[in-house]
Every structure is written in C-alpha cells, then in structure tokens.
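The values are calculated or read from the model by the stated rules, or taken from the named source; none is laboratory data. These figures come from a predicted structure and were not determined experimentally. In this analysis, Cβ positions are derived from the backbone assuming ideal geometry, glycine residues included, and neighbour counts consider all displayed protein chains. Ligands, DNA and RNA are excluded from the accessible area calculation, which covers all protein heavy atoms including side chains. Shrake-Rupley method; radii C 1.70, N 1.55, O 1.52, S 1.80 Å.
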Amino acid sequence: MLISVIIPLFNKGAYIDRALDAIASQTHADLEVVVVDDGSTDDGPDRVRRRTDPRVRLVSQRNAGPGAARNRGLEDIRGELVAFLDADDAWMPEYLENAARAFERL
C-alpha cells in the first residue's frame, strides 16, 4: 500500500534532515514524500534537493502558510493513504507500518 507523506517546509532547514531521515528509516518502505517549500528563505529546500532517495520530491510555492502547503502537496501524490509530517518532527521507524495495518483493519 503506497503511503504519501506530505511535509510543509518553511524555514525549517535546521530540522528537515531529521524528518527525512525518520521517513527513510520507516519499516513500511512503499512510500513517497512530497516536501512543499512554502517560500523558505533558509537552506531547507537545498537540503531536500541534496537527497538521493528517488521517493522524495520537492515542490515550491510562494509563502501561503502550512495549510496551503499541505493542499499543494495533495495535488502531487499517488498514494492510497496520506500522512502529514511537519518539517521539525520525526516518527519512530514503525509509525507508517502501524498506521497502514490499522487502516487495513477498518
């Protein structure tokens, strides 16, 4: 089951690597990540561009706030499930696996 992770990014360059590392360590590997740069003025978008994981994509927009960034991310996904992660947060490695399993039980 493909899970799409959307990360709104606005001036969180100091944290985005931790968020992306947490996603890369997920036990559920069938995922895609859309990072929406919401007009950042720091190095956050450059940090995302340096990633070599083909599952990670960066899209950009003028600053419109986190809600607009999440909505922009929804336009670019293919997953059956959507998960939102803030750029300064991280998940435990089993987070998406547990979420997918819970969804399948519904």
**Complete:** For residue 71, the lone unmet condition from (1) within 29 Å of residue 104 (Cβ to Cβ); (2) over 13 Å from the mean Cα position of the chain (by Cα); (3) assigned to a helix (DSSP H, G or I) is (2)
**Request:** Would you be able to tell me the number of residues in region 2-47 that are touching a residue at least 24 places away in the same chain (Cβ under 8 Å), part of a loop (DSSP other than H, G, I, E, B) and at negative phi?
**Result:** 12
**Prompt:** Which is under 10 Å from residue 7 (Cβ atoms), open to solvent by 60 Å² or more (accessible area, probe 1.4 Å) and of a type outside the set (Ser, Thr, Tyr), of 57, 70, 47, 62?
**Reply:** 70
**Prompt:** Quick one: would you say residue 87 is more than 27 Å from residue 105 (Cβ to Cβ), within 12 Å of the chain's Cα centre (by Cα) and open to solvent by less than 40 Å² (accessible area, probe 1.4 Å)?
**Reply:** yes
